[in-house]
Amino acid sequence: MMALGIIGFLAFLVCLGMVIANKIRKKPVKYWLIGAPTALILFIVGVSASPTTTTPSQPSQSPTQTPSYSGPAVVYEVTGTAEEVSITLSNATGGTEQCHWYFLVGDKSSSTPWQREYYSFPNYFLYISAQNQGEYGRVTVSIYVDGKLFKTSSSSGAYVIASASGTK
C-alpha cells in the first residue's frame, strides 16, 4: 500500500505541474480537474493504509536457572590393565581422531585413565573404541554425557577392541 501512496504523490506532482503549465499556456487543459483529486485520494489512501513498523515484543523469560551440572558436555574415558592401547573417537566437529596411550606399568588396576573432555559438543553422534596393543590385558571404554554414564564396553585379551557409541 505504500507504493500506492508514492504513485499518488507522483500523480499529484504531475497534476500540480499541469496546473502551473495551464497558467503559462494560452490553451488551458482541464485534465488536472480530474487528475488532481484522484492523485490526492491515492496519496491519502496509500499513506494511511501503509503498514506501521513495530518492534516485536520479547517473550517473557523465566529467571536464570543455574544448571545442575557445569562440567564438560562429553567425556570419553579409557581404563584397563592393558599397557598400550590405540584409541579412535568422534570429536566435537564431527571428525575422527586417533591416538596411542601407554598406561603406567606397575599396578595396572589403578593406573591413570585416559580421558578426553569436550565442553561444547554440537555433534550428537558419540563413538569411542580402544584396541589393546599387547598380548594380554583388559580395555574398558566409557562415554559420559553431562556427567552421567552414557555407554560403556569392555574386552579382555590380546589385541581386543572395546567400543561404545550412540546418539545423545
Check the stretch 107-117 and report whether any residue there is assigned to a strand (DSSP E or B) and either at pLDDT below 90 or of a type in the set (A, V, I, L, M, F, W, C) (or both).
yes
Could you list all residues from the stretch 135-145 that are crowded, with 16+ Cβ neighbours inside 10 Å and either charged (D, E, K, R) or not in a strand (DSSP E or B) (or both)?
137, 138
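Within the stretch 59-90, restricting attention to residues that are touching an Asp or Glu at 6+ places or on another chain (Cβ under 6 Å) and at pLDDT 90 or above, which residue is surrounded by the fewest Cβ atoms within 10 Å (Cβ to Cβ)?
Only one residue tops the list, namely 75.
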The condition of being under 18 Å from residue 85 (Cβ atoms), within 35 Å of the chain's Cα centre (by Cα) and at pLDDT 95 or above holds, among 127, 159, only for 127
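The values are calculated or read from the model by the stated rules, or taken from the named source; none is laboratory data. All values derive from a computational prediction rather than experimental measurement. With ideal geometry, Cβ positions are generated from the backbone for all residues, glycine too; neighbour counts draw on all protein chains shown.
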